[in-house]
Amino acid sequence: MRFSTYFIIISYLMVGAGFVAGILTETINTTFLIAIGGIIIVNLFLTIKGKILDISKVLWNIIAVIILVVSIMDYIFISQSLIEVSARFLTILMVVKLFDLKTNRDYTILYILTFFQLLSASASTVNLSFLFVLALYILTGIWALTIFTLKKDWEEKSVPHRELEKNILTPYFFLTTTGIAILSLIITLSLFFIIPRIGVGFFPKKTADVLKVSGFSEEIDLGELGPIKLDPTIVMRVELPGHKGMAIPNLYFRGISFDSYDGSRWLQTIKETIPLKRDRNGIFNIPAGSAMGKMAYTNEQLLKQVILLEPIDTNVIFAASYGIGVSDNLQNIIADATGSFYLPAPSYSRLEYSAYSVVPSPPQKIHIELNKSEDAKLKYLALSIDSGKLKTLAEEIVSGKKGPLDKAVAIEEYLKKNYGYTLNPRKGDGINPIEDFLFYTKEGYCEQYATAMAIMLRTVGIPSRLVTGFLPGEWNRFGNYLIIRQRDAHSWVEAYIKGSYWVMFDPTPSAEAAGIMPAPTSFLNLYLDSLRWRWNRYIINYSFTDQMRLMKTIETRSFALLSILKQKSSKQVIGKEGKRTAFIIAVILISSGLFIFVFKQIQKSSVTNRWPLAPQFYKDMLKLLAKKGKGKKESDTPFEFANTIVIPEVNTVTWFYYNTRFGNHALTSDEREKIADCLKNIKSKKV
């Protein structure tokens, strides 16, 4: 394969990396993708065969202006997204440029376009694939730019129309440049973690695939959660610091509550909200003394959650019951009278935040006050349906129970033990869905159970409300976090128990007991999901707070190592943490030593094997020219020196010198005779 073919193929690999980066911006539809990909492949074969369109500079500039104008119109009237328009503009411009690669300047423009494609992807995508695209771009970029520099220098200094020998591109060349690319990527990542982060986004982008979640608007139709109970789409991932290796059982992630039921849907009519303020620790806490009251708890009950929430079509944010505050990357938080948290508007990108909750919470420890106004209390007791049969059933269930707590527990246990769980409830002969569930079909899922309990509680004088959220389904042991999916959407009940305040009840029997359980996620998928979690947690959402935490960890472990070294002379036993720290540092030192050793061996090998000393005929020529007063300066390259001499034979000998020394070219007998003739002519000529 010729050197020029190598150069074209590697340049197109770099173009391909830029094109894939453009795809990650999610602005290229399937038809456009197939068309552009096909054009690039066809153009590659045409370029290798030397069939290049002769586009004049004037025509090229006109085409570029037309593309720019169309892109501006696209931005103003269609997409209104700078990232989307930029990605399409750069892709089209790159494809047009592929048909006009005649000079080194054209290739330079092409490389610049691919760089800006990568830049647009880095500003708009949170996909883990970007890491691999970045690595591919760095590798192909180093290959392409190195070969481009060789090509450019050769064309400037060599004999006209003579191509570089292909054997200069040996496997050693590609291995070396690959090593440089890997080292560059390591240095880049190191700088990423070291350079102080700022929370500013210059190119905010609305994510295209916003999840549509049910049950978190101001109203919810009965049966709305059913269709998503088999949907495996991930809604959020929750890390529980301090709970490595296992999840906390029965951890309910609360969304919002509903106070009014009209027979077919639940409504949120109590809309009292307040903006929360940060405390000195940067946490948005529900303030004591507000309409939401206060909660008393111990430090042992406080649970921190680090939540990575996918883009969803609601402004509700979630926390384990009972949530008392949120913090980190959020700027403005609103809370309502029931303890739910909201953003000012839905977030159209992944959102990371920390939530603080009190779990577990026995009834006697809950201190969230019911609004003292009689109107609010009446709303939690209101019934908008014919509840005669429901009241009769409820009174039978609570017969003999003295307090409201015992009555609520009795209703909860009755529903769990006497009704079946199904995702496809049948239609009965009742006058409303709850009568169907309680007296005819006697089977349903969480919405029917929670609604039935809430209504029956009200018929016996206990204020109640329906709550929607998520009941976690899967613990990922590879990353030590909870995976919460659409199918984990759940409804339960909160009842106001005098003396215990709002208490949570879940009358729904478990899906496991009913034999309705999704297939477990495979080890491979769990591992891949843990990679995505780490990518978003430590790359996409890496913040100044994370940097401070990292520095603190390094400082702590450094002090631990110093303590270990001080105790080395004594007989004290080194702790588990100390052994781990010492092992990590030892691995780093050994790896660094091996890297330096291998690098020096490569350098030594490259000097002795790949780049032999200057051949004798070139030294003889330099001696002849030195005698004529034309000594070569150390700063001059061989070609630069040859150009200062007006003897053609000097250029010829220099050309043989390059091929022999750097191209591993073995001289033939004819070439040796030619070199000898050149040396005789140089000796006889005047300079």
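The values are calculated or read from the model by the stated rules, or taken from the named source; none is laboratory data. The structure presented is a predicted model; accordingly, all values stated were derived computationally and were not measured. Note: ideal-geometry Cβ built from the backbone for every residue, glycine included; neighbour counts use all protein chains shown.
State whether one or more residues within region 631-644 are among the aliphatic types (A, V, I, L, M) and surrounded by fewer than 18 Cβ atoms within 10 Å (Cβ to Cβ).
Step one: list which residues in region 631-644 are among the aliphatic types (A, V, I, L, M), which gives 642.
Within this subset, residues satisfying the condition of being surrounded by fewer than 18 Cβ atoms within 10 Å (Cβ to Cβ) are none.
Checked against the condition, which is being among the aliphatic types (A, V, I, L, M) and surrounded by fewer than 18 Cβ atoms within 10 Å (Cβ to Cβ), region 631-644 yields no hits at all.
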| field | Hits in region 60-91 (condition: under 28 Å from the mean Cα position of the chain (by Cα), farther than 11 Å from Gln117 by Cα and among the aliphatic types (A, V, I, L, M)) | value | Ile78, Leu82, Val85
| message | under 43 Å from the mean Cα position of the chain (by Cα), at pLDDT 90 or above and not hydrophobic (A, V, I, L, M, F, W, C): is that true of Gly469 in this structure? | response | yes
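Could you tell me how many of the residues in region 349-380 are of a type outside the set (D, E, K, R) and at pLDDT 75 or above?
To start, the set of residues in region 349-380 that are of a type outside the set (D, E, K, R) comprises 349, 351, 353-364, 366-368, 370-371, 373, 376, 378, 380.
Checking the rest, the ones that are also at pLDDT 75 or above come to 349, 351, 353-359, 378, 380.
Final tally of qualifying residues: 11.
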| message | Cβ-Cβ distance below 6 Å, separation of 6 or more or different chains: which pairs start in region 332-355 with a residue that is part of a strand (DSSP E or B) and end on one that is at pLDDT below 85 and hydrophobic (A, V, I, L, M, F, W, C)? | response | Ala335/Ile286; Tyr353/Leu330
| remark: With criteria (1) in contact (Cβ under 8 Å) with a residue 24 or more places away in the chain; (2) part of a loop (DSSP other than H, G, I, E, B), Ala519 comes up short on (1)
| Got a sec? Which of Asp106, Asp100, Asp74 is surrounded by 19 or more Cβ atoms within 10 Å (Cβ to Cβ) and of a type in the set (Asp, Glu)? | Asp100
| Tally, over region 645-662, of residues that are surrounded by 14 or more Cβ atoms within 10 Å (Cβ to Cβ) and in a loop (DSSP other than H, G, I, E, B) | 3
| note | By residue number, the members of region 490-506 that are in a strand (DSSP E or B) and touching a helix residue (DSSP H, G or I) at 6+ places or on another chain (Cβ under 6 Å) are His490, Ser491, Trp492, Val493, Ala495, Ile497, Val503, Phe505
